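For reference, the structure discussed in these notes is given below.
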Amino acid sequence: MNFVFGKIKIRSCFFKFIIRAIFTLLIVTVFSCAGMGSRPETASPDETKNPSSSLPREAYTNFILGSIHLSKGEYIKAKGYISKALKADPDSIYLNKKMALVLVRLNDMSNALKYARRCIEIDPEDIGSHILLAEIYGSTGDTEAAKSEHKKILEIDPGQLTVLITLHLKNKKYQDALDLLHEAISRDPDSIYLNKKMALVLVRLNDMSNALKYARRCIEIDPEDIDSHILLAEIYGSTGDTEAAKSEHKKILEIDPGQLTALITLQLKNKKYQDALDLLHEAISRDPENEIVHYYIGRVNAQLGNLEEAESSYIKTLEINGTMQSALFDLASIYQTQKKDEKAIAAYEKLLDYYPGNITAFERLMGLYLKHGNNEKFDQVFEETKKRFQPRERHQRLGLLYLEYGQLDKSIYEFELIVSGWPEDYESIYFLAVAYEKNRELAKALECLQLIPKESAYFVKASIQTAYIHESAGNYDLAFNALLQAIEAYNQEIEPYLFLASLYESLKEYEKAGQILNDAFKLNKETERVLFRQGVVLDKSGDRVGAIEKMRTLLEINPDHADAMNYIGYTYAEMDINLDEALELVQKAAEISPESAYITDSLGWIYFKMGEIDKALTLLQEARSILPDDPEISEHLGDLYLQRGEYQRSLEMYRQALSNEHSSEEKIRKKINAVEKFLEQ
């Protein structure tokens, strides 16, 4: 089933998309972070102190085990170990803090408050305990109690003001941060640090005029402070004053020419690709043999999808410096993206000659050998893995590689080897389930997923995979059950909410989908994603006005959200209203995502509605060249050809739309019948 809303395609295979996204993320994590542990989250300045000297041995052992499980996201196990530790030493501030943190992760706020208050009973002047208690009050919505704790913190140690400001910024409590900053600046008006923070907070609150005031004040305090000039340039850019922003960039480079790389990185981060190219071309005119500048020109062009230009820049970089690792890697990646596999293989081999420790290049090369059936070289590299990795890690990496390239039997074999030797390796059990599912061995996949306990960090992923399998088989009750179990166990994880909402959405139960998304929004995580999904559901329920409001709210948070701009523009075109604004929005979206067929189609459709048929034809044909099987694009071309009097072409496009399962089959059949009757006359 295909749904079309605001020219953003949502399909009944939404689950497949999310599963693929999670799977890809996991592969990247495993490949890039092997052997690296997660760093435990901390809530207070003294959380990292070693309590070994103050805790009894039994309590300390359980404290360490609980901390390990907390860092791995296994909150129920962590709670059990910290409880044991507290029995041995109930007056330990370390243990009471740790228990409060665990209970926060489990969303048991009433008991988290109990343990945080106990910390303050033990040591009324412990700053970390007051910060923790204030954070919990804030999470429960008790803002007055949180502010009371902040006052106590400053009474104990006025120097904690900057810590509280940083904490408010981290939690996106910008008004609270603003109040504290006004107080701090009144005490120390010449602090460049405080004035910068104030400018940043005002940017978050979209008060650009006052943000400019504080950014300029920073430069008055220190005219050569690079960060202040960068901040001022950023604010000018946000207000649309590009000339003033460029002027600041020039000042930065006059103060320190070495800041070019930092400026380019900033432009790339903000997706201001043309500004980045302008800076780079100006730099290359002054220093034609600068390898770093050529390299960054390649990076910017790669971001813009200009792969041939990127390739040329990387080659030029390597002519100047033939051993630059990043240029070698990016050139190999460009070749791989362009499906120039022979060149990619040669580039990866050259890279590994110089840098044999580059694991990502190593594994990509293995994948290319695997793809092209180059068994001899694959076997050579496979032998190398025995030197590089321990057995379990080697089998896991091979299993993931085979999974990525569709050699499912081999992938299953590798993961089965791991599970037989390490039956509690839930990560490998999860990947084994994924391999079984892709191999259509669904019963075995479900059996594996059921082995993953609630205490495991993989429980939520396993629940989502289980829901996807049941949904695909039409077993909606079982899919609902799997997702509800995940939410019950980990109600702060957003993915189960989004899956559950999508499931209701696919069943056209839009009110329930909206309720679930409202619950997800309260988590204050992935806000942009949630807002976009809320807009989608409102659109499908028939509330286009409400959907547009959600998209506008999203654009207030992220003015460069291309899909939100595209949604509004396309919806206006469908409604035949505000076409000038629609054109402006979608043109900006196209600048941000020039490779998007859907945005290109929207732009063509707006021109069609405005009567500019030639422009519309060029864009719609371009969109179809990218996505030849998209039914909506085919319908749009059909409508355009019909208006041009090209009836046979129009009929061909409508038939194409129908064969590709257009979401409105009845509408397309009517168009086909109308054209056929006309041609019969």
(request) Classify the range 69-212 as rounded, prolate or oblate, taking a ≥ b ≥ c as the square roots of the eigenvalues of its Cα gyration tensor: rounded when a/c is under 1.5, otherwise prolate if a/b is larger than b/c and oblate if not. (result) prolate
(message) Is there a quick way to get the dipole size of the range 392-488? I mean about its Cα centre, with the Cβ of Lys and Arg at +1 and of Asp and Glu at -1; what is the value in debye to the nearest 20?
(response) 220 debye
(request) Have a look at Pro423, Thr466, Gln450 and report the one farthest towards the positive end of the charge dipole of the range 415-468, computed about the Cα centre with Cβ charges (Lys/Arg +1, Asp/Glu -1). (result) Thr466
(request) In debye, nearest 20, what is the charge dipole magnitude of the range 547-681 about its Cα centre with +1 on Lys and Arg Cβ and -1 on Asp and Glu Cβ, if you could check? (result) 420 debye
(message) Cut-off 16 Å, label point 7 angstrom out along Cα-to-Cβ of Tyr405: give me the residues of the range 337-361 whose amide nitrogen falls inside.
(response) 337, 339-349, 360-361
(request) Using the charge dipole of the range 316-468 (Lys, Arg: +1 at Cβ; Asp, Glu: -1 at Cβ; taken about the Cα centre), state which of Leu432, Leu370, Ala327 has its Cα farthest towards the positive end. (result) Ala327
(request) Using a/c under 1.5 as the rounded threshold, could you call the range 363-457 rounded, prolate or oblate? The axes a ≥ b ≥ c are square roots of the C-alpha gyration tensor eigenvalues, and prolate needs a/b larger than b/c, oblate otherwise. (result) oblate
(message) With +1 on the Cβ of every Lys and Arg and -1 on the Cβ of every Asp and Glu, and nothing else charged, how large is the dipole of the chain about its Cα centre, in debye rounded to the nearest 20?
(response) 1400 debye
(request) Using Cα centres only, tell me the gap between the range 526-587 and the range 252-305 in whole Å. (result) 33 Å
(message) If Rh is defined by the Kirkwood formula over all Cα pairs and Rg also comes from Cα, what ratio Rg/Rh do you get for the chain?
(response) 0.98
(request) Convert each backbone phi in the range 495-504 into a coupling constant with the Karplus relation 6.51 cos²θ - 1.76 cosθ + 1.60 (shift: θ = phi - 60°), then list the ³J(HN,Hα) values in order as whole Hz, x for Gly and Pro. (result) 4, x, 4, 5, 5, 4, 4, 5, 5, 4
(request) Could you calculate the FRET efficiency of Glu646 with Ala443 from 1/(1 + (r/R0)^6), where r is the beta carbon distance between them and R0 is 51 Å, rounded to 0.05? (result) 0.45
(request) Give the Rg/Rh ratio for the range 410-475, taking Rg as the radius of gyration of the Cα atoms and Rh as the Kirkwood radius, to two decimals. (result) 0.96
(request) Evaluate the distance, in nm, between pseudo-label points positioned 7 Å from the Cα of Ile68 and of Lys340 along their respective Cα→Cβ axes. (result) 4.9 nm
(message) Counting only helical runs of four or more DSSP H residues, what would the 222 nm mean residue ellipticity of the chain come to if each run contributes -39,500 (n - 2.57) and the total is spread over all its residues?
(response) -24000 deg cm²/dmol
(message) Students often check this: by mean Cβ neighbours within 10 Å, which of 634-647, 139-152 ranks highest, and how do the rest follow?
(response) 634-647, 139-152
(request) Sticking with the crude label model, points 7 Å out along Cα→Cβ, report the distance from Thr239 to Gln450 in nm, one decimal please. (result) 6.4 nm
(message) Can you give me the long-range amide H partners of Ile452? Hydrogens built in the peptide plane at 1.01 Å from N, cutoff under 5 Å, separation of 5 or more residues or another chain.
(response) none
(request) Would you work out which of Gly298, Tyr273, Ser285 lies farthest towards the positive end of the dipole of the range 261-309? Charges go on Cβ: Lys and Arg +1, Asp and Glu -1. (result) Tyr273
(message) Let me understand the range 247-301 better: what is its radius of gyration from the alpha carbons, and its Dmax, in angstrom?
(response) 10.2, 28
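Suppose the chain between Glu581 and Glu220 were pulled fully straight at 0.36 nm per residue; how much longer would it get relative to their current alpha carbon spacing? Before the final figure, lay out the partial values.
Working: separation 361, 0.36 × 361 = 129.96 nm, distance 3.98 nm.
Once the chain is fully extended between Glu581 and Glu220, it gains 126.0 nm.
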(request) Apply 1/(1 + (r/R0)^6) to the Cβ-Cβ distance of Asp278 and His372, taking R0 = 41 Å, and write down the FRET efficiency to the nearest 0.05. (result) 0.50
(request) Quote the accessible area belonging to Glu308 in square angstrom, nearest 10, computed with a 1.4 Å probe and with ligands, DNA and RNA left uncounted. (result) 130 Å²
(request) Starting from the alpha-carbon convex hull of the range 172-330, give the projected area averaged over all orientations, in nm². (result) 10.4 nm²
(request) Leaving ligands, DNA and RNA out of it, work out the accessible area of Thr600 with a 1.4 Å probe and give it in Å² to the nearest 10. (result) 10 Å²
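What number comes out for accessible area per residue over the range 422-472 if the probe is 1.4 Å? Units Å², please. It would help to have the intermediate numbers written out before the result.
Numbers: 2020 Å² over 51 residues.
Result: 40 Å² per residue.
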(message) Using only the alpha-carbon atoms, what does the range 380-532 span along each of its principal axes? Please give whole angstrom values in decreasing order.
(response) 56, 31, 27
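Between Glu121 and Val381, what's the calculated FRET efficiency when r is the beta-carbon distance and R0 is 51 Å? Round to 0.05.
Working: r = 60 Å, r/R0 = 1.18.
About 0.25, to the nearest 0.05.
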(message) If I model a spin label at Glu393 and Glu676 as a point 7 Å from the Cα along the Cα→Cβ vector, what separation in nanometres do I get?
(response) 6.4 nm
(message) Show me, bin by bin at 5 Å from 0, the whole-percent P(r) of the range 253-369 based on Cα pairs.
(response) 2, 12, 21, 21, 19, 12, 8, 3, 1, 0
(request) Once every Cα of the range 624-681 carries one equal point scatterer and solvent is ignored, give the base-10 log of I(q)/I(0) from the Debye formula at q = 0.12, 0.29 Å⁻¹, two decimals. (result) -0.23, -1.18
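The values are calculated or read from the model by the stated rules, or taken from the named source; none is laboratory data. Please read all numbers here as calculations on a predicted model, not as lab measurements. Every residue, glycine as well, gets a Cβ built from its backbone with ideal geometry; the counts of neighbours run over all protein chains shown. These area figures cover heavy atoms from the full protein model, side chains too; ligands, DNA and RNA do not enter into them. Shrake-Rupley method; radii C 1.70, N 1.55, O 1.52, S 1.80 Å.
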